[in-house]
Amino acid sequence: MDDFLAARLQMAFSLGFHIVFACIGMVMPFFMTVAHFYWLKTKKVVYKDVTKAWSKGVAIFFATGAVSGTVLSFELGLLWPTFMEHAGPIFGMPFSLEGTAFFIEAIALGFYLYGWGKLNPWFHWFTGIVVGISGLLSGILVVAANAWMNSPAGFDFVDGKYLNIDPIKAMFNDAWFSQALHMSIAAFVSTGFAVAGVHALMILKGKNVTFHSKAFKIAAVFGTVAACLQPISGDISAKDVAHRQPAKLAAMEAHFHTERNAPLIIGGIPDTANKKVDYAIKIPGLLSFMTTGDFNGEVKGLDTVPKEDQPPVAVTHYAFQIMVGLGMAMVLIALLYFIALWKKQQWLKSNWLLKLFVIATPMGFIALEAGWTVTEVGRQPWIIQGVMRTADAVTPMPGIAYSFYLFTAVYISLAIIVSLLLYRQIAMVGKLYDSSTKPHKN
Amino acid sequence: MIYVVIVFLWTSILLYVLLGGADFGAGIIELFTSKKNRSKTRKTMYEAIGPIWEANHMWLIIAIVILFVGFPKIYTTVSIYLHIPLVCMLLGIIARGTAFVFRNYDAVKDDMQKVYTPIFIYSSLITPFFLGIIAASSVSGQIDMQAQDFLSAYVFSWLNWFSVAVGIFTVSICGFLATIFIIGQTANDDDRSFFIRKARRTIYIVMFCGALVFVAAYHENIPLATWIFGDTLGLIVIIAASISLVIMFFLLQRKKPVFLRLLAGFQVTMILFAATYSHFPDIVLIKNGSNLSLLIHQGQAKAIDTLGYALLIGSIFILPALAYLIYIFQLKKEVQEVH
C-alpha cells in the first residue's frame, strides 16, 4: 500500500474510532445526570439504578476515548509533521483550552464515579453536570480546530510563509460555529438513538422492564429532540459550505456544472468521466433554493474548480446521501415518538415503535461517520483549504502501511472488547443494577 | 511569557513522570510480585489510584499540546525521527489504559481477566521503557536530519545502549515511586513490612540501573558525567538527591507515608532537573550540532502569548479541583483512619 494512502487511512480509522467514544463520553453524562436528578427528587430507586449503570458506561467510554484522543495528539505529528509545523501555533488555541476542559472532565469524573456516599448528594450530582459540560466544551473546541482546516483564518500566507498569526482569530474562524453546532447535535442524536435502541431491545425481551423503560425514555427524548433540530443546523452548514467551499458542496451534490435553478440530486451513481449522475432523483431548483434562498440562484459546479483541486466526487456524494437519508429516517421516528407521547399513549406500549428504535440503534453513528467523511474527503486534496495540500503534509518516513495495519488491528480488537464489555453490562443489569431483581448482599 | 510556557512544559512532564509513573509502577510491581501476593498488591494499589487515575495521564496531553502549539519545530522533528519508539509508547498507552478499565469494569469476572491482566502489566512495563528511550534519544545526539537510509534516519536515531539503559532506569523509577506510594496505603502491619521490604529492594534496583545509565553513556561516548557533575548546581542537585535517598532508606520503617512520598517526589524531581538543566535551553540534540532550542525554536510571539494565557487560566480551574479531588479521596481517608 502507498504510504500516503496508508497515512490517510490510519488517520481516518483513528478519528472514526475516537469520534464514537468521544461522543458517547460527552453525551451520556447528560443522560446520567437527568436520571440522577430524578433519583434525588423522587427517591425512586430505579433512577439511582439507571444512573449507576450508565455511569459505568461513561467510565468505559471516557477511558477509551481518552487514550484514543492521546494517540491522536501524537498521530497529528507522526503522520502529518509538515502540517503541524505550520498549523500547530495557529490553530493550537482550541487545543490548549481543550486540554483544560478535558482535564476538568477527568477530575469531575473521578468525583462522580467514586463519590457515592462520600459527597453531599447535590454536589455529587453537580460533578456529573461538570463532566457533561466540560466534555461538550472539549468537543466544540476540537471541532473549532477542524473548522480552521476548512476555513483557515488568523494568519497571512505570504510566499509560502505563515505570518502575523492570531490564534484567537484562527479559533473563531468562519466555520467554527456551524460545524460545532452540527457536531454537538449529532453527538446527542447518535448517542440518544444508540442508547434508546439498546434499552428498547431489552424492553422487547421483557427483561427488567421498569428499569429499561425509564432509561429508554430519557435517552429517547434527548435523541429525538436533537434529531428534529439537526436539519436546521444542517441547513446552516450547507449554506456555509456553499459559500466557503463550493468544491465540497459540488462534490456532496455531485453537481458537475455551474447553473441557475440547480436541481437537488438525491441518490444516483456519479459518473465523473462523463460529468453526469445516473439513476438519481432530481428536484428542479431545490439546490439553488437551499443554498442561496432563491430558486434561480446560481450554484457553482465542479467545472469552476481546476481538475487537480477537485475532491473525490463519488465518496463524498455517497457519504452525504447516507448522512442525510439516515438523518431523515431518524426525524420520522422522532415525529412518531412525539405523537405517541402527546396523543397516542397506547403506541408507547406497542412493539412496533420499540422495534423501530431497535432498528435505528446504529443509524446515528453511521450518519455521524458519514458526515465526517463528507467534511474530510470533501476538503481533499487540501489539508488546509487552499493553502496546503494533504500530499505535501505527510511524513517522510517510509513504511507507514505497517503502522496502519498495526493500528487497525489494535482498534478492531478494542472495538470487539468494548462491545463484549457493553453486552455484559447490559446482560447483567438484573443482577448488578436493578434493585427490584438484584440479589441482596448479606 | 516564553518562560511561563517553559515552566508549564517542564512541570507537566515532571507531574506525568511522578503521577503517571507511580501508575505505571503499580503494574510493574504487580509483574514482579509472586502470584501469592498479587491480589493483595493490586487491591491496595487500586483503592488509592482509582479516583485520580484518569487525571494522572492528562499531564502527557498537556505537555504534548504545549510542544505542538509553542514549539512546532521540536514536536515535528521528534515525531519524524523518533516515530518508531513513539508508536511503541502509544501502543503501550492504548493497551494499558483500556486494560485497566476493562478489568475494573467488566461486569462478569471470568477468564477474560486472564486476558486483561497480562496486557495491563506488560504494557505498564513497555510504556515507561519507551518513554525513557524517547527522553534519552532527545539528548543522545543521534538524530540525523541528513541521514540517507532508513536505518540511520529512523532506527539508530533512538536505538543505542544509552537509550536502552535510560529506558530501564525509567522503569525502575516507576517501580520505586509505586512502592513508596503503596506503603502509605497498607491496612495492617504485615502488609506494611511486606511493602517496606519491597521498597528496599526497589531502591537497590534504582541505584543499579542509575549506574547502568552512566556505563552505557560512557560506552556511547555521551558526556553524561560532565553534563551532570561538571556544573555546581547540577552537583548540588545530585548530592541532595543522594542524601535524601539515604535518609529515606533508613526512615522507611519509621516515618509517616506523606514524608516518604515527598522524599521520593523530591528525588525524581532532582533527577529530571539534572537531566534537563545542563542543556537548557536546548531540548533536542542533533547529530550535526544544530540543536533544537526552546528559545530559538519557539513559535511566533503571539502564539506563545496566547498559549501562556490559556495555560494560566487553565491552571486556575484545574489545580484547585485536582487538589480537592486528592484531598477527598486521599487525605480525608487517612484522617478518618487516625480518628
field: Fraction in percent of alpha-carbon pairs per bin - 5 Å, segment B:67-170
entry: 3, 13, 18, 18, 15, 11, 8, 7, 4, 2, 0
task: Taking chain B as the reference, fit the longest principal axis to its C-alpha atoms, fit the long axis of helix B:72-81 to the helix C-alpha atoms, and give the angle between the two in degrees, 0 to 90, nearest 10.
output: 80
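Hey, could you get me the Stokes-Einstein D for segment A:86-232, Kirkwood radius over alpha-carbon pairs, 37 °C and 0.692 mPa s, rounded to whole µm² s⁻¹? Kindly include the intermediate steps, with their values, before the conclusion.
Details: Rh = 17.8 Å.
Here the translational diffusion coefficient equals 184 µm²/s.
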field: Footprinting exposure proxy for A:Ser190, A:Ser288, B:Ser34, A:Ser213 (fewest neighbouring C-beta atoms within 10 Å first)
entry: B:Ser34, A:Ser213, A:Ser288, A:Ser190
- prompt: How many percent of Cα pairs in segment B:129-236 exceed 23 Å?
  reply: 43
statement: FRET efficiency for A:Ile232 and B:Ser39 from the Cβ-Cβ distance with R0 = 60 Å, rounded to 0.05, comes out at 0.65
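Could you line up A:Leu368, A:Leu229 from fewest to most neighbouring Cβ atoms inside 10 Å?
Ascending number of Cβ neighbours within 10 Å: A:Leu229, A:Leu368.
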- line: Rounded to 0.05, the calculated FRET efficiency for the beta carbons of A:Gln345 and B:Tyr204 at R₀ = 60 Å is 0.25
query: segment A:152-258: Rg/Rh from Cα coordinates, Kirkwood Rh?
result: 1.22
message: Report the Rg/Rh value for segment A:338-442, based on alpha-carbon coordinates and the Kirkwood definition of Rh.
response: 1.19
task: Take every Cα pair under 8 Å in chain B that's 6+ residues apart, average their separations, divide by the length, and report that relative contact order as a whole percent.
output: 24
- prompt: Ignoring the sites themselves, what is the longest stretch of chain A with no trypsin sites (Lys or Arg not before Pro) in a DSSP loop and at most 16 other beta-carbon atoms within 10 Å?
  reply: A:345-440
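Determine, for segment A:116-219, the count of lysine pairs separated by eight or more sequence positions (or lying on different chains) whose alpha-carbon distance falls under 22 Å.
On the way: A:Lys161/A:Lys169; A:Lys205/A:Lys214; A:Lys205/A:Lys217; A:Lys207/A:Lys217.
Total qualifying Lys-Lys pairs in segment A:116-219 comes to 4.
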Convex hull per residue volume in Å³, alpha carbons only, for segment A:19-98: 84
- prompt: Given H placed 1.01 Å from N in the peptide plane, which residues other than close sequence neighbours of B:Val284 have an amide H under 5 Å from its amide H?
  reply: B:Leu292
query: So which of A:Lys56/B:Lys114; A:Lys431/B:Lys43; B:Lys109/B:Lys198 end up more than 27 Å apart, counting from Cα to Cα?
result: B:Lys109/B:Lys198
field: Calculated SAXS-style log₁₀ I(q)/I(0) at q = 0.10, 0.15, 0.19 Å⁻¹ - segment B:1-102, Debye, Cα scatterers
entry: -0.36, -0.73, -1.02
Spin-label zone in segment B:273-294 - amide nitrogen under 20 Å from a point set 7 Å from the Cα of B:Ser242 along the C-beta vector: B:273-278
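Determine how many Å³ per residue the convex hull of the Cα atoms of segment A:279-329 encloses.
Taking only Cα atoms, segment A:279-329 has a hull volume of 114 Å³ per residue.
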message: How big is segment B:174-284 along each principal axis, measuring the range of its Cα positions in Å and listing the largest first?
response: 48, 25, 23
field: Dipole magnitude (debye, nearest 20) for chain B, charges at Cβ of Lys, Arg, Asp, Glu
entry: 980
Rounded tilt (10° steps) of A:3-42 against the dominant C-alpha axis of chain A: 30
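What number, rounded to the nearest 500 deg cm²/dmol, is the helix-based mean residue ellipticity at 222 nm of chain B, given -39500 (n - 2.57) per DSSP H run of at least four residues and division by all its residues?
Calculated at 222 nm, the ellipticity per residue is -25000 deg cm²/dmol.
Which whole-number percent gives the relative contact order of segment A:222-326, counting Cα pairs below 8 Å spaced six or more residues apart?
Reported relative contact order: 30 percent.
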field: Kirkwood Rh and Cα Rg combined as Rg over Rh, evaluated for chain B
entry: 0.97
field: Helical mean residue ellipticity (222 nm; -39500 (n - 2.57) per DSSP H run of 4+; nearest 500) of chain A
entry: -25000 deg cm²/dmol
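Just to check, using Stokes-Einstein with a Kirkwood Rh over alpha carbon pairs, what's the diffusion coefficient of chain A at 4 °C and 1.567 mPa s in µm²/s?
It diffuses with D of about 56 µm²/s by this estimate.
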query: What are the semi-axes of the equivalent ellipsoid for segment A:1-147, taken as the square roots of 5 times the Cα gyration tensor eigenvalues, largest first, in whole Å?
result: 35, 16, 11
P(r) of segment B:127-176 over all Cα-Cα pairs, binned every 10 Å from zero, in whole percent: 30, 45, 20, 4, 0
- prompt: Across 5 Å bins from the origin, how do the percents of Cα pairs in segment A:172-212 run, short distances first?
  reply: 5, 22, 16, 14, 10, 10, 8, 7, 5, 3, 0
- prompt: For segment B:62-102, what percent of Cα pairs sit more than 14 Å apart?
  reply: 59
message: With viscosity set to 0.890 mPa s at 25 °C, what whole-number translational diffusion coefficient in µm²/s follows for the protein assembly as shown from Stokes-Einstein and a Kirkwood radius over Cα pairs?
response: 88
query: Which whole-number percent is the relative contact order of segment A:22-105 (Cα, under 8 Å, 6+ apart)?
result: 27
- request: Using Cα positions and a limit of under 14 Å, work out the aspartates and glutamates in reach of A:Lys300, with same-chain residues fewer than 8 apart set aside.
  value: A:Asp240, A:Glu253, A:Glu259
task: Relative to the longest principal axis of the C-alpha atoms of chain A, give the angle of the C-alpha long axis of helix A:313-342, reported between 0 and 90° and rounded to the nearest 10°.
output: 30
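We did not get these values from a lab; they are worked out from the coordinates using the rules stated. Keep in mind it's a predicted model, so treat the numbers as computed, not measured. Heads up, the Cβs are rebuilt from the backbone with ideal geometry, glycines too, and the neighbour counts pull from every protein chain shown.
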